[in-house]
Each structure stands twice: as structure tokens, then as C-alpha cells.
1. Hey, V174 hits all of (1) touching a residue at least 24 places away in the same chain (Cβ under 8 Å); (2) surrounded by 23 or more Cβ atoms within 10 Å (Cβ to Cβ); (3) away from ligand 1 (no atom under 11 Å from the Cβ) but one; which does it fall short on?
2. Only one of these conditions is not met by S290: (1) farther than 16 Å from P93 by Cα; (2) outside any loop (DSSP other than H, G, I, E, B). Which number is it?
3. Residue check, P123 against (1) near ligand 1 (Cβ under 9 Å from one of its atoms); (2) under 26 Å from V324 (Cα atoms), all met but one. Which one?
4. Given the criteria surrounded by fewer than 21 Cβ atoms within 10 Å (Cβ to Cβ), free of Cβ contacts under 8 Å to residues at least 40 places away in the same chain and not polar (S, T, N, Q), does L205 qualify?
5. Taking Y325 as the residue in question, decide whether it is closer than 30 Å to Q198 by Cα and touching an Asp or Glu at 6+ places or on another chain (Cβ under 6 Å).
6. What tally of residues in region 146-158 results from selecting those that are within 11 Å of ligand 1 (Cβ to nearest atom) and either under 14 Å from A52 (Cβ atoms) or out of contact with any helix residue (DSSP H, G or I) (no Cβ under 7 Å at 6 or more places or on another chain) (or both)?
7. Tell me, which strands (runs of 3 or more DSSP E) wholly within region 1-67 include 1 or more residues that are closer than 18 Å to H154 by Cβ?
8. Can you tell me which residue in region 68-87 is nearest to V128 (Cα to Cα), limited to those that are of a type in the set (D, E, K, R) and in a helix (DSSP H, G or I)?
Amino acid sequence: METLLQAADQQSVAAAAALLRQGQVVGIPTETVYGLAANAMDGAAVKRIFEAKGRPQDNPLIVHIHQVEMWSQVVAEVTPQARALADAFWPGPLTIILPRGSQVSDEVCAGLDTVAVRMPSHPVARAVIAACGLPLAAPSANLSGSPSPTTAAHVMADMQGRIPMILDGGACQVGVESTVVTLAGEKPVLLRPGYITQQQLEQALGEPVELAGAVTRQLQKGEVARSPGMKYKHYAPKAEVTILKGSLENYRAYLADHSGEGVFALCFEGEEKGLETPFVTYGKADDPASQARELFGALRRLDALGAKTVYARCPGTTGVSLAVYNRLLRAAAFRVVEV
Ligand code: TXA
Ligand code: MG
């Protein structure tokens with residue numbers, strides 16, 4: 001299959017919408033990461049997403065809508081709590097889980113009785129949904145297990161020959177996947193941290209939001225994942241990544257002791273000064289949003305440079321930084337060393 005990479009404009013959006021209506025899979029930009037979209041109401045179309053990604057069938061997908069009216073087509077009921085979150089954060093990088101409706105395809109929910117929905121703010125994503133008039137299931141557009149794509153070139157690198165079209169809408173502004181919160185249980189639970197923080201959710205809901213344990217640690221043996229995505233190694237570059245937790249001074253000292261062939265530093269801008277080790281940076285130390293925007297691209301760059309061993313500077317662990325820490329922890333397979 002030839003994969004067309006097209007600048008997003010009116011014509012290419014219309015072509016993408018036509019493919020989606022035919023049950024095909026298209027790569028589209030969103031404000032978080034690029035997505036691999038298909039008609040959420042068509043099981044055969046959704047299966048093509050799993051095939052293109054090589055994704056385990058038991059990991060459910062997020063449904064993307066462009067207006068709240070579309071929401072009721074895929075969920076059992078839009079609750080007042082859900083409405084409050086949508087009012088506060090949509091369109092934007094928040095995914096809300098509710099009991100599923102009957103029309104959404106079983107493949108999207110992967111056997112669960114709930115469905116995850118979000119309304120993206122990216123104008124191209126919104127235009128594509130509006131043009132085809134369908135709720136679109138879309139996971140991140142990477143091969144399963146590799147870092148999420150934040151540019152159309154990243155999508156092309158993973159999906160060339162696997163899907164008919166990718167729309168190029170430039171680099172993603174947020175850079176990490178949406179915050180995922182479930183309202184399907186007794187209490188709201190934050191399943192995946194993102195740009196919308198736990199504190200912001202609590203403020204909008206007027207009640208506490210629990211943080212799922214698996215956000216900052218490995219699932220215990222026998223523990224059931226509340227979100228199937230927690231089970232899988234994620235975002236991983238080919239190199240072995242270790243997070244070094246501690247001061248910049250101790251980070252430098254550790255690197256000086258551990259340099260060698262294929263060893264790279266993954267640090268913040270400016271921190272490379274005086275390092276003997278080759279390096280890649282991911283944002284500014286005092287700007288978590290810049291770290292989120294650049295992390296996945298930095299992981300891909302390390303692979304391109306042939307890194308074998310990577311020592312990463314540790315981000316913060318609250319607010320937006322928690323999203324960065326959560327992704328980096330998975331890229332590092334939870335290897336953290338105190339320095
Ligand atoms: O920002 C994003 O959310 C991007 C863009 C493309 O919108 N999409 C994305 O999708 O990150 P994906 O499939 O890579 O991640 C979806 C996550 C997975 O961890 C999955 O397990 C979880 O959401 N999820 C989906 N439906 C769920 C459900 N019904 N219950 C619990 N977890 C669910
Ligand atoms: Mg993903």
C-alpha cells in the first residue's frame with residue numbers, strides 16, 4: 001500500500017474524510033500526539049487500526065468527537081459530572097470514560113463495558129471529524145510499543161506502507177497524550193496524567209480525584225490494570241533508558257563515571273555544557289510544558305543516533321510534570337537511580 005503524506009488543507013481533509021467513510025485508516029494530527037483514525041461505529045474499520053499498529057486486541061481505543069451532540073451516540077448517558085469536565089476542558093487534551101452506548105463498535109471498547117471519549121482542539125482533527133460526520137476511534141499513530149508521534153514524519157516512519165494517508169498538520173503543541181479520567185466507577189480516578197492536571201480536574205468537579213497507583217509504579221503481580229494500557233511497556237526507544245534522580249551536579253558526576261560507547265545524556269536545554277557525553281535535550285528545566293512537547297521526539301532522536309544506553313535527567317512529579325515523569329518512567333521500564 002502506498003502512503004500519501006499530504007499537507008492538511010480543505011482538499012486533503014475531504015479526501016481523508018472519504019477514506020474514513022469507506023472504512024479506511026488515516027493518520028491525523030491532534031494537539032496531543034498524532035492519531036490513527038477510523039470510524040468508531042464500524043468494527044471492521046477499527047480492526048484495521050489494531051493491524052496497522054500491531055496493538056494487542058485487549059487495549060481499548062479513544063473515540064474522538066467534534067461536538068458534544070456526538071457524545072451521546074457512543075456513551076450510555078452523559079452524566080452531570082461528565083458535563084462539568086467537558087464544559088471546563090473541551091475541546092482539549094482530556095479523555096473521559098463513561099459506560100458505553102450500544103452503537104459504538106465492540107472493537108473500540110475491547111470487551112469492556114465502558115468507552116473513552118475526547119474532543120480534540122486541533123483544527124485539522126476537528127475538520128476531519130466534521131467532514132466525515134463520524135466519531136473516530138484513534139490511538140496514538142505509532143507502532144505499538146514505540147514512542148508516540150508528535151510530527152507527521154514520525155507517523156510516516158512507523159506507518160509507511162500500512163495506511164493510505166497521513167495528514168500533516170505540523171508539530172503537536174502538547175506533545176504527550178491526553179489526560180484520561182474515568183467517571184464509570186464510584187469515584188473519579190485519574191488513569192493517565194496529561195496536560196490537564198489532577199488539581200484542575202478536582203477544581204472542575206468539586207470533589208477529590210484519585211490517582212491510579214500504576215501512574216508512578218509498575219503493576220504488582222496479580223494486580224488488575226484499571227486501564228489496559230497500563231499493562232504494556234510503552235513509549236520505549238531501542239536504547240536502555242535509566243532516570244537519574246538528584247542534583248545536576250550529581251548527574252554530571254554520574255555521567256563522568258559511566259561514559260562509554262553508545263552512552264547518551266538526555267538532559268534539559270543548557271545542561272549539556274561541560275558534559276563529555278553526547279546528548280539530546282528535552283525542553284527547559286523550569287518549563288514542564290516544553291518537556292512534554294519535546295520528550296517523544298527526543299526519544300526518537302536517540303534511536304536515530306544509535307544510542308545504546310541513555311541516562312535521563314528526572315523531571316518533576318507534580319502538575320504537568322507528572323505526565324512527563326509517567327512517560328519517561330515507562331520509556332525507562334521503571335529504572336530509576338538516586339544520584
Ligand atoms: O491524546 C490522546 O489521547 C491520543 C490522541 C490520538 O488523541 N490518543 C491516545 O490513544 O493516546 P491510545 O490508544 O494510545 O491510548 C488510550 C489509553 C490506553 O492506555 C487505553 O488503555 C486507555 O486509554 N483506555 C481507552 N479506553 C478505555 C476504557 N474504556 N477504560 C480504561 N482505559 C481505557
Ligand atoms: Mg498510545
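1. Tallying (1) touching a residue at least 24 places away in the same chain (Cβ under 8 Å); (2) surrounded by 23 or more Cβ atoms within 10 Å (Cβ to Cβ); (3) away from ligand 1 (no atom under 11 Å from the Cβ), V174 fails exactly one: (3).
2. (1)
3. That leaves (1) as the condition not met.
4. Values: surrounded by fewer than 21 Cβ atoms within 10 Å (Cβ to Cβ): yes; free of Cβ contacts under 8 Å to residues at least 40 places away in the same chain: no; not polar (S, T, N, Q): yes.
No, not satisfied.
5. Values: closer than 30 Å to Q198 by Cα: yes; touching an Asp or Glu at 6+ places or on another chain (Cβ under 6 Å): no.
Considered against the rule, which asks whether it is closer than 30 Å to Q198 by Cα and touching an Asp or Glu at 6+ places or on another chain (Cβ under 6 Å), Y325 comes out as no.
6. Let us first name the residues in region 146-158 that are within 11 Å of ligand 1 (Cβ to nearest atom), namely 148-150, 155.
Subsequent filtering for residues that are either under 14 Å from A52 (Cβ atoms) or out of contact with any helix residue (DSSP H, G or I) (no Cβ under 7 Å at 6 or more places or on another chain) (or both) retains 149, 155.
Summing the residues that are within 11 Å of ligand 1 (Cβ to nearest atom) and either under 14 Å from A52 (Cβ atoms) or out of contact with any helix residue (DSSP H, G or I) (no Cβ under 7 Å at 6 or more places or on another chain) (or both) in region 146-158 gives 2.
7. Details: elements: 4-7, 26-28, 35-39, 62-64.
Hits in region 1-67: 4-7, 26-28, 35-39.
8. Of region 68-87, the ones of a type in the set (D, E, K, R) are 69, 77, 83, 87.
Now drop any that are not in a helix (DSSP H, G or I), which leaves 69, 83, 87.
On the way: E69: 16, R83: 24, D87: 22 Å.
The extreme case among them is E69.
The values are calculated or read from the model by the stated rules, or taken from the named source; none is laboratory data. In this text, all values refer to a predicted model and were calculated from it rather than measured experimentally. Here Cβ is always computed from backbone atoms with ideal geometry, including for glycine, and neighbour counts include all displayed protein chains.
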